[in-house]
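Down below is the structure, laid out as structure tokens.
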Amino acid sequence: MPLYVLLAASGCVLLIACMNVGGLLAARAASRNRDFAIRIALGGGRFRLMRERLIESVLLSSAGGLIGMLLAKGGIEWLIHLRQDMNRVTDIRIDGIATCFTLAVVTICAISSGLIAALSVTGNMLAGLQEGSRAQGGGRSRATLRRFLVATEVGLTVVLLVGAGLLLKSFQRMRSADVGVPVDNLQTLRVNLPSARYSDPVKRIEFFEHLIASVRALPGISGAGLVSAAPGEGFDGDTEMRIMEHPPLQPGQGLHFMKRGADPGYFQAIGPPVLKGRTFAPDERMERANVVLISRGAAQQYFPGEDPIGKHIQTVVGEGPWEVIGIVGDTRWKIAQPPQPTLYWPLYGNGYSYATIVVRSLHDADSLALPVEKIVAQLDPDLPIANVMTLREAIGKSTINSQFDSLLVLAFASIALVLAATGLYGVLAYLVAQRTAEFGIRIALGARRDHVLKTVLADGMRPAFTGLIIGLAVSAASVRLIRSMLFETQPLDPVVFTSVAGLLLFVAIAACLAPAWRAARLDPVQALRNE
């Protein structure tokens, strides 16, 4: 889904750029409307005039495509540097297929933009001569075409801005979401014991016990523990269980639990509250590891209206049973996912050969990474350590895709907003230039300058407002397609829609203000003399 969203966003920007170029070429053609009409009257072919417009568009688009390829090369290098975590990121390059696709897109854009300008010179010859006066604005039909292009640009820009606003709001809520434990001053390190040297379960348990005991002896820490996967670190497997005190379940109706292995000091170190019962005892290991803790969500969902403490659960295939000895707070296995029913069983009795060390510091958690690494090296110099980062950094890593997608869509939306503002300014500035004599006569006959200012502003804001209404309507219908990418954010968020409308109107007024002010400050004598 994110790739389709980014593709749609880039397509919108490309379409806006094409309409912008087409509108500018149409304005350029309109300024030569009288010349084209005279050439047609003298026997010039309409097809030849259209061909000239297409050639001009192709040359401009080719130059733009070449510059775009150079920018794309730099953008790919930036992406490779920024997203080293992405799979096969170094394989991203501009190959022959990408080059051919780019050439095809440039050709389509050139023809589309050229046709807009070409069709503007194929009207009635007499009408072209009659509309050749600068006082007529280069033709009412041609002005309508340019206003339509601007309204379409504004509408597409609104769609991009709404999408970017929703993704950014979703990302901000994701970053501030509660994972179930305090994330400050918490360092994590991942250890994976190779099966060749740690095939004996007793040897694995001895290593983990010596490791965590040495870590807890370090100065400046308030707690340390081991867990198979820390909150926000990702999926660590699930299991299908049944409650032995409940009636037998039908096949396929087992109770699904996220599973975690933890040592006795984990819950004190990382901080999920023990709501009821107790945690693991030091002697509940190996053959006595027949107890489990469950999360609050699991207790509410699978033990409604009853006390889970003392109940027994086992897998649907008959493994177990395990006695429920406590209830702990919910945690998120992934920041963008709601808490899932979770069970914890002793790490020292269920075959774990890997664990994440979690160390809570009294001050700076980063300062604990090197001492913990030294302890691991002392126990086994050949043992690699992975994912050395604070829990806040780990959570940030898990949200990097959402951050990247939202910022990229925001960049597309910003480019679209600049293009739409440029198009609106260009159209209005051209119309003001074409109507210089008209405004000069109005002012000479006593028209108030503020009235001229309001007239030009209204003329420019009309297509902008039309595009805004259409864009908001299209956005309301299309944002449901990105619902799966939103975290605790409604697709029809009123704050986002209102903010986009306000921003668009502000930019549109700013783009229209300069031409309107220029029209209101005209010197009628100079305007008529130039005419």
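The values are calculated or read from the model by the stated rules, or taken from the named source; none is laboratory data. Just so it is clear, the model here is predicted, and its values are computed rather than measured. Cβ sites come from the backbone with ideal geometry, for glycine too, and all protein chains shown count toward neighbours.
Checking each residue of the range 186-196 against the condition of being more than 30 Å from Phe267 (Cα to Cα), modelled with pLDDT of 80 or more and either not assigned by TED's automatic domain parsing to the domain that holds Asp459 or not in a helix (DSSP H, G or I) (or both) gives at least one match. On inspection, Pro264 fails the criterion of being under 38 Å from the mean Cα position of the chain (by Cα), in the same structural domain as Ala336 (by TED's automatic domain parsing) and in a loop (DSSP other than H, G, I, E, B). Filtering the range 152-185 to residues that are more than 30 Å from Val418 (Cβ to Cβ) and either in contact with a Pro (Cβ under 6 Å, 6 or more places away or on another chain) or assigned to a helix (DSSP H, G or I) (or both) leaves Val179, Gly180, Val181.
Taking the criterion of being of a type outside the set (Ser, Thr, Tyr) and modelled with pLDDT of 85 or more, would at least one residue in the range 134-151 satisfy it?
Taking every residue of the range 134-151 in turn, at least one turns out to be of a type outside the set (Ser, Thr, Tyr) and modelled with pLDDT of 85 or more.
With the structure loaded, tell me whether Ala413 is in a helix (DSSP H, G or I), under 24 Å from Ala164 (Cβ atoms) and either under 25 Å from the mean Cα position of the chain (by Cα) or at pLDDT 80 or above (or both) or whether it fails that test. Yes, satisfied.
For the range 362-372, the set of residues classified as surrounded by 14 or more Cβ atoms within 10 Å (Cβ to Cβ) and over 17 Å from Val183 (Cβ atoms) consists of Pro371, Val372, listed by residue number.
Being assigned to a loop (DSSP other than H, G, I, E, B) and under 29 Å from Leu362 (Cα atoms) holds for only one residue in Pro304, Pro308, Pro282, Pro248, and it is Pro282. Of all the numbered requirements in (1) under 24 Å from Ala336 (Cα atoms); (2) assigned by TED's automatic domain parsing to the domain that holds Ile375; (3) at pLDDT below 90; (4) not aromatic (Phe, Trp, Tyr), Gln300 misses one, and that requirement is (3).
Of the residues contained in the range 422-439, one or more are found to be surrounded by 19 or more Cβ atoms within 10 Å (Cβ to Cβ) and outside any helix (DSSP H, G or I).
When we screen Gly237, Gly252, Gly220, Gly305 for residues that are farther than 27 Å from Gln337 by Cα and surrounded by fewer than 19 Cβ atoms within 10 Å (Cβ to Cβ), the only hit is Gly220.
Results for (1) over 30 Å from Phe171 (Cβ atoms); (2) among the charged types (D, E, K, R); (3) not in a loop (DSSP other than H, G, I, E, B), shown as yes or no for each residue.
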residue	(1), (2), (3)
Thr455	yes, no, yes
Gly467	no, no, yes
Val474	no, no, yes
Ser478	no, no, yes
Glu488	no, yes, no
Leu504	no, no, yes
Ala519	yes, no, yes
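Among the candidates Ala447, Ala501, Ala508, Ala516, single out the residue that is surrounded by 14 or more Cβ atoms within 10 Å (Cβ to Cβ), among the small types (Gly, Ala, Ser), touching a Lys or Arg at 6+ places or on another chain (Cβ under 9 Å) and under 27 Å from Arg147 (Cα atoms). On inspection, the qualifying residue turns out to be Ala516. Looking at the range 318-399, the strands (runs of 3 or more DSSP E) lying wholly inside it that each contain 2 or more residues that are touching a Pro at 6+ places or on another chain (Cβ under 7 Å) and in the same structural domain as Phe267 (by TED's automatic domain parsing) sit at 322-328.
Scan (1) out of contact with any helix residue (DSSP H, G or I) (no Cβ under 7 Å at 6 or more places or on another chain); (2) surrounded by fewer than 15 Cβ atoms within 10 Å (Cβ to Cβ); (3) touching a residue at least 40 places away in the same chain (Cβ under 8 Å) for the single condition Ala281 breaks and write down its number. The number of the failed condition is (3).
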